[in-house]
Structures are given as C-alpha cells and as structure tokens.
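Heads up: the structure comes next, in structure tokens.
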Amino acid sequence: MPFTGTLGIQLIDATPDLVHCRLPWRDELEGAGVGLHGGATMGLADAGGGICAFLNLPEGATGTTTIESKTNFLRAVRAGDIDAISRPLHRGRSVIVVETDVLDAESRLVARVTQSQIVLRAAG
C-alpha cells in the first residue's frame, strides 16, 4: 500500500488474528493546532484493518477494499506515536469486518474503528 509509506506507517506485527501498526509523530500530520489530524488516525486504522482483512481472505479471493468505516474518536493526540491494533470480527466469504483500536504512546484508547472490507475475486 503506497499510501502507508506516505503517512510513514510501520508494520510491527501481522497475523490473521492481530495486526499491529504504528504511526510515528510528525508535525506535518497535525490538524489546526489541536493535535494529530483525525485523517492520519483513520489512515492508520484503515491500513491495519486492510492488512488484517487481507490475511483473512477466503480461498480463491484476490484482495479486499474498504466499503464502510466507522470511527469513534475518544481523545486528542498532542504528541507521541500512535499504535493500531486490528482484529477480525467476521471472516465471511464476501465481507470481512475488522475492529481496530488506536492507542496513544501511553496506551490510552484514542479511537475505535470498525470497518467492512469487501472480498475481491478475479473476473471470470
């Protein structure tokens, strides 16, 4: 995923049951003076969720793409790295649902993201 490189996302660990990604703090990811931009948080969660969905593809599938994402922001991040921990909630033939917790450098819950990923298959 080239976008993860643009954001600077690091993959810490990845198994079908848990994906751990990190977004290091950079001033250019700040919002309007309130801390980390919510889009950066959502980008991290979407990346982790996408990797988790990919690792849970059913046989014959070629990939996934996000079709729905719901984010609850719980606190601002004013400094430090953030981590995303993604776990599958549903591993279906056509849709995979992933829940991601985003934690600040003190392991406090920053956001919870639930996303649905449609399973892609080769044409024909």
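The values are calculated or read from the model by the stated rules, or taken from the named source; none is laboratory data. Fair warning: this is a prediction, and the values are worked out from it, not measured in the lab. All Cβ positions, glycine included, derive from the backbone under ideal geometry; neighbour counts span all protein chains shown. The accessibility values were calculated without ligands, DNA or RNA, using every heavy atom of the protein model including side chains. Shrake-Rupley method; radii C 1.70, N 1.55, O 1.52, S 1.80 Å.
Worth a mention:
- Looking only at segment 19-42, residues that are open to solvent by 50 Å² or more (accessible area, probe 1.4 Å) and of a type in the set (A, V, I, L, M, F, W, C) come to 4 in all.
- Hits in segment 80-109 (condition: assigned to a strand (DSSP E or B), open to solvent by 60 Å² or more (accessible area, probe 1.4 Å) and charged (D, E, K, R)): Arg87, Arg91
- Flag for Ala45 being surrounded by 15 or more Cβ atoms within 10 Å (Cβ to Cβ), among the aliphatic types (A, V, I, L, M), at pLDDT 95 or above and not in a strand (DSSP E or B): yes
- Subset of segment 1-42 (residues that are in a strand (DSSP E or B), closer than 20 Å to Ser86 by Cα and without any contact (Cβ under 8 Å) to a residue 24 or more places away in the chain): Gln10, Asp13
- Residues satisfying the stated conditions in segment 48-71, i.e. surrounded by fewer than 20 Cβ atoms within 10 Å (Cβ to Cβ) and assigned to a strand (DSSP E or B): Ala61, Thr62, Gly63, Thr65, Thr66, Ile67, Glu68, Ser69, Lys70, Thr71
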